[in-house]
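First comes the structure, then the notes that go with it.
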Amino acid sequence: MLRNTFAVLALVLTAASANAAMIGTATLIKNPPGLAFNAPDSGMPFPYQAYQIGISTTAGELVGAVDVTINGNALHQKWTDTDDDGATNPSPNSPAVGNVDSHLQAPAGSPFGAGPSETNGKTGSPLASTANVTEFGFGNLSGAWGILVPTATPGLAYLVFDPNNIPSMQIVVKAATPLGAPILSTRGTDTLITSDFIPEPASVVLLGIALVGGLGLRRRNG
């Protein structure tokens, strides 16, 4: 009898796990000129926008670890000389929002298994750089970290980009439960990709205009 009870429980847990999934979320933070970037970089022009991206689980299951990779050299970066050594420094992880620097947003004290790391080509930005003091450009982000306080809605990154460069942006996100089990997407894959977070370029611009008009944006894709 006890064996049968465990068998039924196992079936219930398996079914629940199969139905659980993760989806990507994105919140538009900056969209000039109506929602200008923070000073001293408030001159960042249209069509550049900033989004916070994250994960939400469909059945409230907790996320205990994430692995984030964003390639394609589409992310706007700002490096500054933070230690007065005559060279600018990467800033791959930060809680900051509203500025023109793309970065991961792992909570303070999160244990990283890889990274955090980022690149900056230091060219191509509409903002003027000062060599070895403040250098703007485009690059990539990556990092894998454990979440000390597991949550169903972890934040991942703050991204600044020109929507016209979305086709070259390659977002790949994986997540696991606190016990290490992979959390699948609604497609049944173990990854979320760019289109799970960010709409197509034309849609991004139109939705940004809507936000300036007071409609707001909270995009969640399956």
Give just the number: which of (1) more than 22 Å from PRO92 (Cβ to Cβ); (2) among the small types (Gly, Ala, Ser); (3) modelled with pLDDT of 95 or more does ALA176 not satisfy?
(1)
(1) acidic (Asp, Glu); (2) under 16 Å from the mean Cα position of the chain (by Cα); (3) assigned to a loop (DSSP other than H, G, I, E, B): which one isn't true of ASP196, the others all being true?
(3)
Output for Cβ contacts, cut-off 8 Å, separation at least six or different chains, first residue modelled with pLDDT under 75 in region 187-205, second part of a loop (DSSP other than H, G, I, E, B), reads VAL204/ILE198; VAL205/PRO47
For region 147-161, what are the residues that are out of contact with any Asp or Glu (no Cβ under 7 Å at 6 or more places or on another chain) and either closer than 15 Å to THR57 by Cβ or surrounded by fewer than 18 Cβ atoms within 10 Å (Cβ to Cβ) (or both)?
ILE147, LEU148, VAL149, PRO150, THR151, THR153, PRO154, GLY155, LEU156
Condition first: modelled with pLDDT under 95, under 28 Å from THR80 (Cβ atoms) and either assigned to a loop (DSSP other than H, G, I, E, B) or over 16 Å from the mean Cα position of the chain (by Cα) (or both). Can you find one or more residues in region 119-137 that meet it?
no
Looking at region 72-110 only, could you name the residues that are under 28 Å from ALA20 (Cα atoms) and either in contact with a His (Cβ under 7 Å, 6 or more places away or on another chain) or of a type in the set (S, T, N, Q) (or both)?
GLN105, SER110
Which ones in region 85-122 are more than 20 Å from PRO45 (Cα to Cα), of a type in the set (A, V, I, L, M, F, W, C) and buried (at least 22 other Cβ atoms within 10 Å of the Cβ)?
LEU104, ALA106
Any residue in region 61-73 that is on the phi > 0 side of the Ramachandran plot sitting within a Cβ distance under 7 Å of a residue that is crowded, with 19+ Cβ neighbours inside 10 Å and assigned to a loop (DSSP other than H, G, I, E, B)? List the pairs, counting only those 6 or more apart or interchain.
GLY72/MET169
The correct count of residues that are small (Gly, Ala, Ser) and surrounded by fewer than 24 Cβ atoms within 10 Å (Cβ to Cβ) in region 162-175 is 1
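The values are calculated or read from the model by the stated rules, or taken from the named source; none is laboratory data. Predicted model only: the values in this text are computed from it and were never measured. Cβ: placed from backbone, ideal geometry, glycine included. Neighbour counts: every protein chain shown.
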